[in-house]
Amino acid sequence: MLKLDGIEVVYGGAVLVLRGLSIEVPEGRIVALLGANGAGKSTTLKSVSGLLASEGGKVTRGSIRFDGKEIAGCAPEELVSRGIFHVMEGRRVFEDLSVEENLACGGYRRTDRSGMRADLEMVYDFFPRLRERRRQQAGYLSGGEQQMLAIGRGLMAAPRLMLLDEPSLGIAPLLVQEIFRLIERINRERGTTILLVEQNANIALGIAHHAFLMEGGRAVLDGPAESLRSSDEVRQFYLGFSDHGGKKNYREMKAEIRRTHGGEVNDGIA
Amino acid sequence: MDFTFLLQLLINGLVVGSIYALVATGFVIIHKSTGALNLAQGEFLMVGAYVCLYAMTTFRLPFAAAFPLTLAFTALLGVLIERVVLRPLLGSPVISVIMVTLGLAGLLRSGLQFFFGTDTRAFPELFPSAPVMLGVVPVSQGYIWSVAGVTVLLTALGLFFRYSRAGLALRATASNQQTALSMGISVKRMFALSWCIAAVVSAIGGVLLGAIRGGIDMSLGHMGLKVLPVVILGGLDSVPGAIVGGLFIGVVENLTGGYLDPLLGGGVKEVVPYIVLVLILMVRPSGLFGRKKVDRV
Ligand SMILES: Nc1ncnc2c1ncn2[C@@H]1O[C@H](COP(=O)(O)OP(=O)(O)OP(=O)(O)O)[C@@H](O)[C@H]1O
Ligand SMILES: [Mg+2]
């Protein structure tokens, strides 16, 4: 469904952030994008959703294909219309708007009013707390409720591909569990394809089908989520507990995964 | 003290104030959604008055045709100005945007002067001249129509912002541009729309002012100067603030003009709004209705 092929992204005409990133997201799947701070995960999502331009970024090389069509450089409103919705990092709700108005904004590009009404009910069923606070100003919601609202707004867009940037950011562990179960449900019940960026590798790998590990602006490793999850080294590597140098450690780990899972792991940089 | 005189001053104040409120509302809409401070807001008012006058006198159109034409013209002008003048400045410092709107004000004003000259031009009579009695006070029908017009317009604007899809998108853009973009809202279009609304609203103020004054000249632009005290008083990004501020300044101005000017000599009327402004800002630095920013982490 979505295929990024060797893309490079530059901010402000000078800072090269993505350096030949290639990832693929098959229809109907949950794909996790993992990596340390500054690896370029959010930038990757922004280059897919077209939000890069408003931050002075640009895709300077490679291709981004959605349903086989090139979308690099498309305006965000067009991409939303085509079915890509980006739930940005840091639960950015419209603070001065009510909860329900925020949700209505999520459906801004839709034209099927009856579908929107049904989806509003569905969002409220997913998040009963939002229903209770529907008339309340969104700025006064708790952090967790704001995250629910941000995801609910994404649901209101009824996208085919949802880009989720760190839905667990600043949220209590119990609620994180709840939110991830919901993401899984959204994928299963609505068939929404999901590209998920997450710091919490463990929980992300718990719901993802496939995962990519990013480092320095490219994917250095990818494989089925289970195989990455069952490898302690992945988590060690990812969380940076190891005292080896990054590259060496990652090569060791790849070898380790190959040994245990037999060649399922692809190398992004070959 | 003559009670009728007081009432007369109050009514005059409310009428002029309601037009201040319109112009200030335009200013606030632009500032809220685009962050720009538009110092050419008063010139939009002049353009409205002159275009309507021109359509009625030179083209001999009836008001019912001239008015929509004026609206269409100013709507287009607003969009054009956003597109050609403001859009290239996206991301520039606020001060450069202010300077540019100041230049724009000068440009519009000299354009009007060039086309229409500096003489006072009679505005066709839109309302019957016989006053009606409001209790003991005779009030000209133009005043009543004007206040009714402003009320209807502001109510319509309020409903538009609250319930329409475009109104929601405008408020979302005002709240957070990047997030609005991520919803698929075209922020550029919203900017154009705010300039369009601001221009049209002020132009309507200009037409009303022309009609109640009976004549227009370059001094109409003075209305624009009042916009600053009004919006600073009301809070830069509050539409209710702009309305209350407009009415308030209108009334204060007329009361001081009626009672103090004869005692202290002319000119007090011009100064008092600023004195009131300073006093209020000392108590409420962000204006009467200044945005209570949601503060949480
Ligand atoms: N608008 C911008 N202008 C310039 N540089 C930027 C911009 N946005 C991000 N960067 C840089 O790009 C790099 C990658 O940023 P990005 O936000 O994509 O990282 P991330 O993987 O999402 O990190 P985190 O886990 O901390 O969210 C960082 O070094 C950052 O400083
Ligand atoms: Mg990030």
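Shielding by partners for A:156-163, please: the mean number of other protein chain Cβ atoms within 10 Å of each residue's Cβ.
On the way: counts 1, 3, 0, 1, 0, 0, 0, 1.
Going residue by residue through A:156-163 and averaging, the value is 1.
Order the peptides B:66-74, A:39-47 from the highest to the lowest mean number of other Cβ atoms within 10 Å of their residues.
Working: B:66-74: 19.1, A:39-47: 24.7.
In decreasing order of mean packing, B:66-74, A:39-47 become A:39-47, B:66-74.
Within the protein assembly as shown, how many Lys pairs that are eight or more residues apart, or on different chains, come under 17 Å at the alpha-carbon?
9
So what does the Cα-only Debye profile of segment A:1-142 read at q = 0.17, 0.18 Å⁻¹, as log10 I(q)/I(0), no solvent term?
Here log10 of I(q) over I(0) equals -1.05, -1.11.
Dividing the Cα convex hull volume of chain A by residue count, how many Å³ per residue is that? Please list the in-between numbers first.
Values: hull volume 34.2 nm³, N = 270.
Each residue corresponds to 127 Å³ of Cα convex hull volume.
Would you mind computing Rg(Cα) / (2.2 N^0.38 Å) for the protein assembly as shown, counting N as its residues?
On the way: Rg = 29.5 Å, N = 567, 2.2 N^0.38 = 24.5 Å.
Normalised by 2.2 N^0.38 Å, the Cα Rg of the protein assembly as shown equals 1.20.
Want the number for B:VAL94 to B:GLN8: 0.36 nm per residue separation, take away the alpha-carbon distance, what's left?
Working: separation 86, 0.36 × 86 = 30.96 nm, distance 4.14 nm.
Length gained between B:VAL94 and B:GLN8: 26.8 nm.
If I model a spin label as a point 7 Å beyond the Cα along the Cα-Cβ vector, how far apart are those points for A:THR111 and B:VAL132 in nm?
With each label point 7 Å from Cα toward Cβ, the separation is 4.6 nm.
Could you work out the mean count of beta carbons from other protein chains within 10 Å of each residue's beta carbon in A:93-100? Before the final figure, lay out the partial values.
Working: counts 4, 10, 7, 11, 6, 0, 0, 0.
Whole-number average of other-chain Cβ neighbours for A:93-100 is 5.
Please give the FRET efficiency for A:GLN199 paired with B:SER110, using the beta carbon to beta carbon distance and R0 = 51 Å, rounded to the nearest 0.05.
Numbers: r = 59 Å, r/R0 = 1.15.
It comes to 0.30.
Identify, among B:GLY257, B:VAL244, B:VAL207, the residue whose Cα sits farthest towards the positive end of the charge dipole of segment B:205-297, taking +1 on the Cβ of Lys and Arg and -1 on the Cβ of Asp and Glu, with the dipole about the Cα centre.
Going by the charge dipole, the pick is B:VAL244.
Using Cα atoms only, what is the angle between the long axis of helix B:141-163 and the major principal axis of chain B, expressed in degrees (0 to 90) to the nearest 10?
Approximately 20 degrees, to the nearest 10.
For the protein assembly as shown, with the dipole built from +1 on Lys and Arg beta-carbon atoms and -1 on Asp and Glu ones, taken about the Cα centre, which of B:VAL283, B:GLY48, A:MET214 lies farthest toward the positive end?
Highest projection toward the positive end goes to A:MET214.
Between segment B:136-178 and segment A:216-231, what's the alpha-carbon centroid distance in Å?
Between the Cα centre of segment B:136-178 and that of segment A:216-231, the gap is 56 Å.
Using 7 Å Cα-to-Cβ label points, what is the B:ARG165/B:ARG284 separation (nm, one decimal)?
My value for the distance between the label points is 3.7 nm.
For segment B:67-172, what is the relative contact order in percent, using Cα pairs closer than 8 Å and at least 6 residues apart in sequence? Before the final figure, lay out the partial values.
On the way: 30 pairs, mean separation 10.1, N = 106.
So the answer I get is 9 percent.
For A:SER98, enumerate residues with amide H under 5 Å from its amide H, sequence gap 5+ or separate chain, H modeled in the peptide plane.
A:ALA138
Over 5 Å intervals from 0, what percent of Cα-Cα pairs in segment B:156-225 sits in each interval?
Bin by bin from 0 Å, the calculated values are 3, 14, 20, 18, 12, 11, 10, 7, 3, 1.
Note the angle between two axes, namely the Cα long axis of helix B:94-116 and the longest principal axis of the Cα atoms of chain B, as a number of degrees from 0 to 90, rounded to the nearest 10.
50 degrees
Determine the calculated [θ] at 222 nm for the protein assembly as shown from helices alone, applying -39500 (n - 2.57) to every DSSP H run no shorter than 4 residues and normalising by the residue count; nearest 500 deg cm²/dmol. Intermediate results must be reported in sequence, preceding the final value.
Values: 23 runs with 323 residues, N = 567.
So the helix-based figure for the protein assembly as shown works out to -18500 deg cm²/dmol.
Under 5 Å between amide H atoms, partner at least 5 residues away or on a different chain: which partners does A:HIS86 have, H built in plane at 1.01 Å?
Distant-sequence amide H within range of A:HIS86: A:LEU163.
For the Cα atoms of chain B, what angle does the longest principal axis make with the long axis of helix B:239-259, in degrees from 0 to 90, nearest 10?
With rounding to tens, the tilt is 30 degrees.
With +1 on the Cβ of every Lys and Arg and -1 on the Cβ of every Asp and Glu, and nothing else charged, how large is the dipole of chain A about its Cα centre, in debye rounded to the nearest 20? Before the final figure, lay out the partial values.
Numbers: 36 positive and 36 negative charges, 55 e Å.
Dipole magnitude for chain A comes out near 260 debye.
Test of the criteria: in segment B:41-120, which trypsin sites (Lys or Arg not before Pro) are in a DSSP loop and have at most 15 other Cβ atoms within 10 angstrom of their Cβ?
Numbers: sites: B:ARG60, B:ARG83, B:ARG109; in loops: B:ARG60.
Sparse-neighbourhood loop trypsin sites (Lys or Arg not before Pro): B:ARG60.
When only C-alpha pairs under 8 Å and at least 6 residues apart count, what is the relative contact order of segment B:20-219, in percent? Don't jump to the answer; show the numbers that get you there.
On the way: 247 pairs, mean separation 87.6, N = 200.
Across segment B:20-219, relative contact order equals 44 percent.
Beyond 21 Å, what percent of the Cα pairs of segment B:20-219 remain? Display every interim value, and only then the final one.
On the way: 10756 of 19900 pairs.
Counting pairs separated by more than 21 Å, the tail of P(r) holds 54 percent.
Which FRET efficiency value, to the nearest 0.05, is calculated for B:ARG87 and A:SER98 with the Förster distance at 30 angstrom and r the Cβ-Cβ distance? Kindly include the intermediate steps, with their values, before the conclusion.
On the way: r = 31 Å, r/R0 = 1.02.
Approximately 0.45, to the nearest 0.05.
When Cβ neighbours within 10 Å are restricted to other protein chains, what is their mean count per residue of peptide A:140-150? Could you put the intermediate results ahead of the total?
On the way: counts 3, 2, 1, 2, 0, 0, 1, 0, 0, 0, 2.
The per-residue average across the peptide is 1.
Mind giving me the FRET efficiency for A:SER63 and A:GLU121? R0 is 60 Å, r the Cβ-Cβ distance, nearest 0.05 is fine.
On the way: r = 39 Å, r/R0 = 0.65.
That gives a FRET efficiency of 0.95.
Can you tell me the dipole magnitude for the protein assembly as shown around its Cα centre, using point charges on the Cβ only (Lys, Arg +1; Asp, Glu -1), in Debye to the nearest 20? Intermediate values should be presented prior to the final figure.
Details: 55 positive and 47 negative charges, 94 e Å.
Once rounded to the nearest 20, the dipole reads 460 debye.
How large is the charge dipole for chain B, taken about the Cα centre, if only the Cβ atoms of Lys, Arg (+1) and Asp, Glu (-1) carry charge, to the nearest 20 debye?
Here the size comes out at about 1120 debye.
Run the quick spin-label model on B:GLU125 and B:PHE63: label points 7 Å from Cα toward the beta carbon, then report their separation in nm to one decimal.
Taking the simple label geometry, B:GLU125 and B:PHE63 are separated by 1.2 nm.
Over chain A, what relative contact order in percent results from Cα pairs under 8 Å that are six or more residues apart?
Details: 515 pairs, mean separation 64.4, N = 270.
RCO, chain A: 24 percent.
The numbers here are math on the coordinates, done by the rules we state, and not lab data. All values derive from a computational prediction rather than experimental measurement. Cβ sites come from the backbone with ideal geometry, for glycine too, and all protein chains shown count toward neighbours.
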